[in-house]
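As structure tokens, the structure follows; a few thoughts come after it.
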């Protein structure tokens, strides 16, 4: 998780299963996959919203362009906003 963005994206992208954006107090936005984790395995949950950017501002930018806005700020997962889900049969 401490790799530069271009290196971490090379590791994460091939295994990307789903992306869910969840604004505070709002519904989900699912730009990749449908949110279902149907294959058994260990899945990482990471928040890539940059620290210090208002979540709604970030989500609005993603909705407008289909891409996350550029930022030099560290993402929330650097501060512990991450988790793991284990899917069994």
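For residue 20, the criteria (1) under 12 Å from the mean Cα position of the chain (by Cα); (2) at pLDDT 70 or above; (3) within 20 Å of residue 74 (Cβ to Cβ); (4) surrounded by 13 or more Cβ atoms within 10 Å (Cβ to Cβ) hold in every case but one, which is (3). When every residue of region 69-88 is checked against the conditions, none turns out to be at negative phi and modelled with pLDDT under 80. Scanning region 35-48 for residues that are at pLDDT below 85, assigned to a loop (DSSP other than H, G, I, E, B) and either surrounded by 10 or more Cβ atoms within 10 Å (Cβ to Cβ) or in contact with a strand residue (DSSP E or B) (Cβ under 6 Å, 6 or more places away or on another chain) (or both) yields a total of 5. Check whether at least one residue in region 52-71 is in contact with a helix residue (DSSP H, G or I) (Cβ under 6 Å, 6 or more places away or on another chain) and surrounded by 12 or more Cβ atoms within 10 Å (Cβ to Cβ), and report yes or no. Within region 52-71, one or more residues are in contact with a helix residue (DSSP H, G or I) (Cβ under 6 Å, 6 or more places away or on another chain) and surrounded by 12 or more Cβ atoms within 10 Å (Cβ to Cβ). Within region 50-68, the only residue that satisfies the criterion of being at pLDDT 85 or above and under 12 Å from the mean Cα position of the chain (by Cα) is 50.
The values are calculated or read from the model by the stated rules, or taken from the named source; none is laboratory data. As the structure is a prediction and not an experimental result, all values here were calculated from the model. Counting neighbours? That spans all protein chains shown, and the Cβs are built from the backbone with ideal geometry, glycine included.
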